[in-house]
Amino acid sequence: MANQLDTKTNDDNFNDNGFWLRYKDFIQKTANNRTALDRINYGRKYCHILINQNAQEILSLPNEKRIHVMKALSSLSKFVGCYDKWRNIITKYQLKWSNDNSLDIFKNIIIDQDKSYDSMLEWLKNFLNLSNIKKEYRNILLFTTLTGLRQLEALQSIKMIKDDTQYYINNNTMLVEHFRFPQFFIRRTKKAYISIVNESILDIARNSASLNSYMSLVSGIKRDNPNYDIHTKYCREIFATYLRNNGIEQEVIDLLQGRIPKSIFVRHYYRPDLERFDKIRELLDKLYNKITIDKSL
């Protein structure tokens with residue numbers, strides 16, 4: 001595709017299925033299937049913004065959707081060789097990459113009690129006690145809560161634990177070492193390095209369903225509960241909030257959730273003792289007891 005995106009020829013290229021198949025091959029080299037599908041779908045719908053260089057319509061989109069559209073257009077512009085034009089559009093329309101402003105964050109923390117720690121914990125307890133949901137599916141969310149992983153990361157981790165993948169579980173430190181498999185866990189914007197485990201957490205993984213996608217999990221849960229509201233994101237939030245409420249440093253929580261802060265302190269000075277991980281392991285045992293109403297879990 002040429003670099004001048006305001007021509008009829010390029011508009012036709014965007015309407016060519018062959019173009020999108022080539023783009024799919026390009027995007028799948030750096031993204032998982034779900035992310036690739038999002039990039040393609042949003043790219044198809046909003047590619048005219050690159051042609052017309054008019055981003056007025058995405059200014060009023062909800063924050064999360066706007067970010068998805070911007071990521072799609074950024075990726076697409078790199079593929080067609082007009083990233084400079086996309087940067088000009090960002091500047092012209094003052095597009096922001098951040099999901100939330102300070103007021104939104106304040107509301108999430110203080111005002112929205114539907115997403116408070118106690119309400120999220122109550123939802124998870126109720127979910128784990130639903131007898132008409134297979135134990136193998138309930139265990140997935142239990143494992144996700146006790147590791148703090150994102151849902152796709154948790155599904156991949158479960159598969160590798162069940163397959164007894166070599167070099168994945170360090171039996172000396174009782175850490176699951178995601179960093180050894182960057183093709184699965186070290187993505188461009190989302191990463192997972194390690195998870196603290198014990199035999200109970202590993203057994204939960206081994207007794208979980210092996211699924212390839214988040215939608216497979218949702219379908220399995222909704223099969224017998226079609227109107228049930230699923231909040232898998234709560235698992236990761238419960239993990240982080242629980243550890244922080246019990247005195248674990250933010251830097252350690254960030255590390256366990258795949259975030260490496262850019263501060264000089266973390267990069268050059270902060271070196272937590274591994275005994276800190278033993279403390280977290282004890283806390284995870286307490287969290288398990290806190291959320292499992294049905295002790296047969």
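The values are calculated or read from the model by the stated rules, or taken from the named source; none is laboratory data. Here the structure is a predicted model, which means the values were calculated and not measured. Here the Cβ positions follow ideal geometry from the backbone for every residue, glycine too, while neighbour counts run over all protein chains shown.
Some observations on this one:
- Qualifying residue in the stretch 286-297 (condition: of a type outside the set (A, V, I, L, M), under 25 Å from the mean Cα position of the chain (by Cα) and outside any helix (DSSP H, G or I)): yes
- Residue within the stretch 155-175 that is basic (Lys, Arg) and modelled with pLDDT under 95 present: no
Listed here are the residues, each with its yes/no results for (1) surrounded by 14 or more Cβ atoms within 10 Å (Cβ to Cβ); (2) within 26 Å of ASP278 (Cα to Cα); (3) out of contact with any strand residue (DSSP E or B) (no Cβ under 8 Å at 6 or more places or on another chain).
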{"position": "LEU175", "(1), (2), (3)": "yes, yes, no"}
{"position": "GLN183", "(1), (2), (3)": "no, no, yes"}
{"position": "SER195", "(1), (2), (3)": "yes, yes, no"}
{"position": "ILE204", "(1), (2), (3)": "yes, yes, yes"}
{"position": "ALA209", "(1), (2), (3)": "yes, no, yes"}
{"position": "SER213", "(1), (2), (3)": "yes, no, yes"}
{"position": "LEU217", "(1), (2), (3)": "yes, no, yes"}
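- The residues of the stretch 244-258 that are touching a residue at least 60 places away in the same chain (Cβ under 8 Å) and surrounded by 14 or more Cβ atoms within 10 Å (Cβ to Cβ), listed by number, are ILE253, LEU255, LEU256, GLN257, GLY258.
- Cβ separations smaller than 7 Å between residues 6+ apart or across chains give the following pairs from the stretch 1-28 residues that are within 16 Å of ALA72 (Cα to Cα) and assigned to a helix (DSSP H, G or I) to residues that are modelled with pLDDT under 85 and of a type outside the set (Asp, Glu): PHE19/ASN13.
- Selection status of ILE280, of a type in the set (A, V, I, L, M, F, W, C) and out of contact with any strand residue (DSSP E or B) (no Cβ under 8 Å at 6 or more places or on another chain): no
- ARG236 vs. criteria under 18 Å from THR147 (Cβ atoms), in a helix (DSSP H, G or I), touching a Gly at 6+ places or on another chain (Cβ under 8 Å) and not hydrophobic (A, V, I, L, M, F, W, C): yes
- Residue in the stretch 260-269 that is modelled with pLDDT of 95 or more, surrounded by 13 or more Cβ atoms within 10 Å (Cβ to Cβ) and out of contact with any strand residue (DSSP E or B) (no Cβ under 8 Å at 6 or more places or on another chain) present: no
- When residues of the stretch 254-278 are limited to those that are out of contact with any Phe, Trp or Tyr (no Cβ under 7 Å at 6 or more places or on another chain) and among the aliphatic types (A, V, I, L, M), the one nearest to HIS178 (Cα to Cα): LEU256
- Those residues of the stretch 54-73 which are buried (at least 16 other Cβ atoms within 10 Å of the Cβ) and of a type outside the set (D, E, K, R), in sequence order: ALA55, ILE58, ILE67, HIS68, VAL69, MET70, ALA72, LEU73
- Which listed residue is modelled with pLDDT under 95 and within 23 Å of the chain's Cα centre (by Cα), from ASN129, ASN99, ASN52: ASN99
- When GLN94 is tested against (1) at pLDDT 90 or above; (2) surrounded by fewer than 16 Cβ atoms within 10 Å (Cβ to Cβ); (3) assigned to a loop (DSSP other than H, G, I, E, B); (4) under 24 Å from the mean Cα position of the chain (by Cα), just one condition goes unmet, and that condition is (4).
- Within the stretch 184-198, residues that are modelled with pLDDT of 95 or more have Cβ atoms under 6 Å from residues that are acidic (Asp, Glu) in these pairs: ALA192/GLU153; ILE194/GLU177, counting only partners at least 6 apart in sequence or on another chain.
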